[in-house]
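Scroll down for the structure; my scribbles are underneath it.
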Amino acid sequence: MSMKKLLVTGSSGLIGSEVCTYFAKEGWEICGVDNNMRADFFGSGGDTRWNQQRLEADLPNFRHYELDIRDRPQVLELIETLKPDAIVHCAAQPSHDLAAKIPFKDFDTNAVGTLNLLEATRCYAPKAVFVHMSTNKVYGDSPNELPLTEQDTRWDYAQATHYGGITEQCRIDQSKHSIFGASKVAADVMVQEYGRYFDMKTCCLRGGCLTGPNHSGVELHGFLSYLVKCNLEGKHYTVFGYKGKQVRDNIHSWDVARFIHAFIQNPRQGEVYNLGGGRNNSCSILEAFSLVEKITGQKMVYDYVDQNREGDHICYISDLSKIKSHYPDWDITKSLQSIFEEICQSWTQRQIVSVR
């Protein structure tokens, strides 16, 4: 019996590499698509070649494909050749700050690149399951309209009915998204449409703060990874607005990969799910400072700018009730404490390797 074949775009990134590792251990043949655009977007700090080399060294059933998802003929040819059983689309321009400076490149990567993959799948692998890594930024700043209460170290929802967080019923339009958020909306809706219109097995995972030890975190993208790196190196970290009390729910890339596996085993058409760490894995920036300081023993060096990022969420916690109702065997397995410990260990190890 031949191996099942998985195509992963953005395979050298945080989620992509975790998905490659997870499914390789499950016995799948892994086809990783990545052209290190993260280094183009963010400079040397965002370079992911180290992760590509790790996958090639560690996974015997992994093959790397140097391909730009904006290149339509190449995308069509690749999927026609490979005819994968499933596609996990993680490649993206991920920064809302940077998107405003490169709107064409952002939209071509996030929206057009996704359309290229969807149409290639429809033409050459229509039975394949298509999982799209979307973002909670598709909601724009509409989550900020919920009544909030200010606590000592965080903002939180003022009403008990919102305690579980943001549901998939949150509106997408008539809000400020950032240019990045808007390009991801286009991709998100198109993934849904291909599911419903063409009867394809697709889903959009509207991620909260996706994190883990294999993140090449930079200031413009990779909240926890970059925060930990700054602490370990004694670098200044800049807090943008909201008194440093803005809240994110953090999910380990391993738990993301576990859900993707659950969906591929039992797929649906045109679904959307909010995927984050939930309330138990939520923290504010101030709370994150405290956590990392306890682990490393080093004080956080930071300054504060009294201007929040455009369209930034004040408090965002993913309501996981829908995802758990559809996939009751899936849950969060990595705690916030363990996530911090793994990221600290990873950055320390990378620093040791770079010194050698």
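The values are calculated or read from the model by the stated rules, or taken from the named source; none is laboratory data. Nothing here was measured: the structure is a model prediction, and the numbers come from that model. Cβ atoms come from the backbone with ideal geometry, glycine included; neighbour counts cover every protein chain shown.
What the table below lists for this structure:
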{"item": "Residue within region 31-38 that is crowded, with 17+ Cβ neighbours inside 10 Å, assigned to a helix (DSSP H, G or I), within 16 Å of the chain's Cα centre (by Cα) and not charged (D, E, K, R) present", "result": "yes"}
{"item": "Selected residue (only one of Asn136, Asn110 is crowded, with 20+ Cβ neighbours inside 10 Å, modelled with pLDDT of 95 or more, over 17 Å from Glu77 (Cα atoms) and touching a Gly at 6+ places or on another chain (Cβ under 6 Å))", "result": "Asn136"}
{"item": "Count - residues of region 167-179 that are farther than 11 Å from Asn136 by Cα and either part of a helix (DSSP H, G or I) or under 17 Å from the mean Cα position of the chain (by Cα) (or both)", "result": "2"}
{"item": "Residues of region 4-55 that turn out to be without any contact (Cβ under 8 Å) to a residue 60 or more places away in the chain, aliphatic (A, V, I, L, M) and within 22 Å of Phe259 (Cβ to Cβ), as a count", "result": "4"}
{"item": "Unique residue being of a type in the set (Lys, Arg) and on the phi > 0 side of the Ramachandran plot when the list is Lys127, Lys105, Lys83, Lys137", "result": "Lys83"}
{"item": "When residues of region 158-182 are limited to those that are buried (at least 16 other Cβ atoms within 10 Å of the Cβ) and out of contact with any Gly (no Cβ under 8 Å at 6 or more places or on another chain), the one farthest from Gly311 (Cα to Cα)", "result": "His162"}
{"item": "Test result for Tyr157, aromatic (Phe, Trp, Tyr), at pLDDT 95 or above and touching a Leu at 6+ places or on another chain (Cβ under 8 Å)", "result": "yes"}
{"item": "Region 305-330, residues that are surrounded by fewer than 12 Cβ atoms within 10 Å (Cβ to Cβ) and not small (Gly, Ala, Ser)", "result": "Val305, Asp306, Gln307, Pro328, Asp329"}
{"item": "Criterion violated by Asn214 - all others in (1) touching a strand residue (DSSP E or B) at 6+ places or on another chain (Cβ under 7 Å); (2) crowded, with 22+ Cβ neighbours inside 10 Å satisfied", "result": "(1)"}
{"item": "Pair list, Cβ < 8 Å and 6+ apart or interchain, from region 177-194 residues that are more than 12 Å from Phe130 (Cβ to Cβ) to residues that are of a type in the set (Asp, Glu) and surrounded by fewer than 23 Cβ atoms within 10 Å (Cβ to Cβ)", "result": "His177/Asp141; Ser178/Asp97; Ser178/Glu310"}
{"item": "Verdict on Thr81 being closer than 23 Å to Lys201 by Cα and crowded, with 20+ Cβ neighbours inside 10 Å", "result": "no"}
{"item": "Selection within region 41-62 - surrounded by 14 or more Cβ atoms within 10 Å (Cβ to Cβ) and either assigned to a loop (DSSP other than H, G, I, E, B) or among the basic types (Lys, Arg) (or both)", "result": "Asp47, Thr48, Arg54, Leu59, Asn61"}
